[in-house]
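First comes the structure, then the notes that go with it.
The values are calculated or read from the model by the stated rules, or taken from the named source; none is laboratory data. The structure presented is a predicted model; accordingly, all values stated were derived computationally and were not measured. Neighbour counts are summed over all protein chains in view; Cβ atoms, including those assigned to glycine, are modelled from backbone coordinates with ideal geometry.
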């Protein structure tokens, strides 16, 4: 027989013994647990050369010469262009080189394959260098302006526009800049739109110089607005300064409309874009309106819906498309008011189609607008053939300026480099060591459990 006091004393001893066993097992685990190794700081890269060499307008060659205490096994070039986009766009290229402690790497971006960036575009690049231990280091971002070095460019600025030119004295550049400022004010008064950031206006001294500076533009091009870059380029021969001022007004309207309506959902129809640009420059003049009237009389005008994409390559047909677009937009402004045109642009910029936006604000779709405009100018009505659906224009496919490596298709935003001085695995030990540690831990816990059971069995036998 065991008295209550004796039973309580035995229970207390059991609890103390179990606690001591657990503490002992914990101490053993602490002693045997691996201590995270503190990686030594990685040796810095010795960057001897990091440059971009332009062969404008054809290629840009990115060149890197770099050394390291360990063998360099992998180099990735990351590059891009500063512009409006639907998301962060980072292109990658993988130059060929022989792994060594000192390497020279080069990759050439061929604009003739990818399609050219506009003169004045800001191109950036950086390199990711990985050594034989898996350590990755970044050779920081560099930038260069995509522009020829043939011309001695000059520039003058206001708070919203910078004019660049190479032919003519300072007063020429200042005169063109003043005209651009006046055009911006007129656009603001017409449809309440202002510049979005600094606009760079590049004035070439001839059409030939302009054509030499860009690839794959229509042969009749005298000026282009690249709204996503905030860049306008124009060819203005000597003696055509007054024409140049109207062209500046035309392209500035393109710029502010492009920036205001930028969307990844809907493309603004060309007839709206070009019609507004023609309104901005003051219309096509008497000769242009006479060309349009002859086309109306001969019923050779375009179905308006067919002017939603690119304009014809033929210069005469292109001029007619411009004049007709002007007349339709002028009709919209007179039918309603200029602020309603701004609402139309805002609606399409938010993703509404031209048909739905017109229907909401004016009560008709594109075909209804075409019919109403034709009636107002005395043109033949639309036929069923004119109303047939037209295929949506698509971009011309090009070769992407990147060498695709299947191991590098993960999004850039998740491509995080390893911390300097590590092998990409942080504080985690390698797989074989981790397996051994897990086996040891399992054995220790098992032995601890056996010891506890033995103590309990011994205490019961004493009872």
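In this structure, is residue 350 over 25 Å from residue 265 (Cα atoms) and surrounded by fewer than 21 Cβ atoms within 10 Å (Cβ to Cβ)? Answer is no for this residue. Residues considered: 116, 157. Of these, the only one that is in contact (Cβ under 8 Å) with a residue 12 or more places away in the chain and under 23 Å from residue 196 (Cβ atoms) is 157. Inside segment 373-389, residues that are touching a helix residue (DSSP H, G or I) at 6+ places or on another chain (Cβ under 9 Å), on the phi < 0 side of the Ramachandran plot and either part of a helix (DSSP H, G or I) or in contact (Cβ under 8 Å) with a residue 24 or more places away in the chain (or both) make up a count of 9.
Scoring residue 302 on the criteria (1) more than 32 Å from the chain's Cα centre (by Cα); (2) crowded, with 16+ Cβ neighbours inside 10 Å; (3) in contact (Cβ under 8 Å) with a residue 40 or more places away in the chain leaves a single failure, condition (3).
Taking segment 274-299 as the range and being within 15 Å of residue 370 (Cβ to Cβ) and not in a helix (DSSP H, G or I) as the test, only 299 passes. When residue 320 is tested against the conditions (1) closer than 23 Å to residue 347 by Cβ; (2) buried (at least 18 other Cβ atoms within 10 Å of the Cβ), the lone failure is (1). If the condition is being surrounded by fewer than 15 Cβ atoms within 10 Å (Cβ to Cβ), touching a residue at least 24 places away in the same chain (Cβ under 8 Å) and either part of a strand (DSSP E or B) or out of contact with any strand residue (DSSP E or B) (no Cβ under 8 Å at 6 or more places or on another chain) (or both), then segment 90-102 contributes 100, 101, 102.
Residue 143 falls short on exactly one of the conditions (1) in a strand (DSSP E or B); (2) at pLDDT 95 or above; (3) crowded, with 16+ Cβ neighbours inside 10 Å, and that condition is (3).
Screening segment 71-89 for residues that are loosely packed, with under 15 Cβ neighbours inside 10 Å and touching a strand residue (DSSP E or B) at 6+ places or on another chain (Cβ under 6 Å) and picking the one that is nearest to residue 200 (Cα to Cα) gives 82. Examine segment 173-196 for a residue that is touching a helix residue (DSSP H, G or I) at 6+ places or on another chain (Cβ under 8 Å) and under 19 Å from residue 82 (Cβ atoms), and state whether such a residue exists. Yes, that holds for at least one residue. All of 272, 199, 233 fail the test of being at negative phi and either out of contact with any helix residue (DSSP H, G or I) (no Cβ under 8 Å at 6 or more places or on another chain) or assigned by TED's automatic domain parsing to the domain that holds residue 313 (or both), apart from 272.
Just for segment 208-259: of the residues that are free of Cβ contacts under 8 Å to residues at least 12 places away in the same chain and not in a loop (DSSP other than H, G, I, E, B), which one is nearest to residue 274 (Cα to Cα)? Ranking the qualifying residues of segment 208-259, first place goes to 243.
Against the numbered list (1) over 18 Å from residue 374 (Cα atoms); (2) more than 34 Å from the chain's Cα centre (by Cα); (3) part of a loop (DSSP other than H, G, I, E, B), residue 309 comes up short only at (2). In this structure, residue 328 does not qualify as closer than 19 Å to residue 184 by Cβ and touching a helix residue (DSSP H, G or I) at 6+ places or on another chain (Cβ under 7 Å). Scanning segment 210-267 for residues that are in contact with a strand residue (DSSP E or B) (Cβ under 8 Å, 6 or more places away or on another chain) and buried (at least 18 other Cβ atoms within 10 Å of the Cβ) yields a total of 25.
Taking segment 331-372 as the range and being in contact with a helix residue (DSSP H, G or I) (Cβ under 8 Å, 6 or more places away or on another chain), part of a helix (DSSP H, G or I) and closer than 14 Å to residue 303 by Cα as the test, the residues that pass are 366, 367, 368, 369, 370, 372.
The rows are residues; the columns are (1) without any contact (Cβ under 8 Å) to a residue 12 or more places away in the chain; (2) in a helix (DSSP H, G or I); (3) under 18 Å from residue 226 (Cα atoms).
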position	(1), (2), (3)
174	no, yes, no
184	no, yes, yes
194	no, no, yes
200	no, no, yes
203	no, no, yes
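Between 44, 105, the distinction of being touching a residue at least 40 places away in the same chain (Cβ under 8 Å), over 30 Å from residue 233 (Cα atoms) and outside any strand (DSSP E or B) belongs to 44 only.
Answer yes or no: is there a residue in segment 6-16 that is in a strand (DSSP E or B) and modelled with pLDDT of 55 or more. No - not one qualifying residue is present in segment 6-16.
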